[in-house]
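So the structure is just underneath, and the comments pick up after that.
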Amino acid sequence: MSPPSTGPLVPGPRIIDTAWGSGPVVSFTFDDGPNPLDTRRLLTVLHKHRVRAVFCLWGDHVEENPDLVRRIAAAGHTLSNHGMHHDDMSTWTPERIRADLRETNAAIRRAVPGASVPYFRAPYGNWGQTPAVAAALGMRPLGWRLAITDWEPPGTDVLVNRLLDGVTPGAVVLMHDGGGDRSQTVDAVDQAIPILKSEGWRFTLPIPAR
C-alpha cells in the first residue's frame, strides 16, 4: 500500500507523475498485485472499457501468480517493478536496492520472458536512493498526482467520487489491485471510466519511459 506522497528524499531522476498527451488525459496505475480475484476482475473491466494501465507488481505476488502476470502483459498493459517484498527502501544502500530491483525484474521475466519493465514505483512512496538506482537499471521512477486512498476501503461510491473529483489533466492516478480486498476499487473503476469518457477524458500511459 502507498501513501499519497511522491517526493524523493534525496536528489535523483525526476519522478514521473504525468500522463502522455495534452488536454484531458489521465493514466491509471495499480499497485501490489497480482491478486487472483481482483486482478482478474480488473483486467475484465479494463478490457471492456478499452483502457490500458500500468501494473506495479509486488515480486512475491508475481512468483505466486505468474499466470496473472502473463495475462496482464498479453492484454497490452505495462509492467512496473514495485519491489520484491514491498519493503520500505528509503534508508537502504544503493547496493541493497539494486539487488531487490533486479530480483523483482527477474521474477517478472520468469513469468513473461523478455518482458519490458520500464518503470519502478517505491513501496509506500518512500523513495530514498531508489530513483537513481532504478534509472541505472533502465527504469524511470513512477509517482502519481492523485491517490484515492483505496487501501482503506471507504465504499465504492466514495472511491468513485474521489476519482471524479480529484482527477486533473495529465494526472497519474494511484490505485490498488492487490494487498488486500480490492473489490471496491475494481467496482469504482468500472463505474468511473464511462463517466470520464463521457466528459471527454482520454486514457493514456505515463509519459514515455525514455
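Taken together, the values in this text are just the output of simple stated rules run on the coordinates, not laboratory data. Remember, it's a predicted structure, so these values are computed and weren't measured experimentally. Methodologically, a virtual Cβ is constructed for each residue, glycine included, from the backbone with ideal geometry; neighbour enumeration extends over all protein chains shown.
Assorted remarks:
- For segment 137-209, the set of chymotrypsin sites (Phe, Trp or Tyr not before Pro) satisfying both a DSSP loop assignment and a count of at most 15 other C-beta atoms within 10 Å is empty.
- For Gln191 and Thr168, the difference between the fully extended length at 0.36 nm per residue and the C-alpha to C-alpha distance is 6.5 nm.
- Charge context of Thr130, other residues only, Cβ under 12 angstrom, K/R +1, D/E -1: +1
- Oblate is the label for segment 3-131, because a/c, from the alpha-carbon gyration tensor with a ≥ b ≥ c as root eigenvalues, is 1.5 or above and a/b does not exceed b/c.
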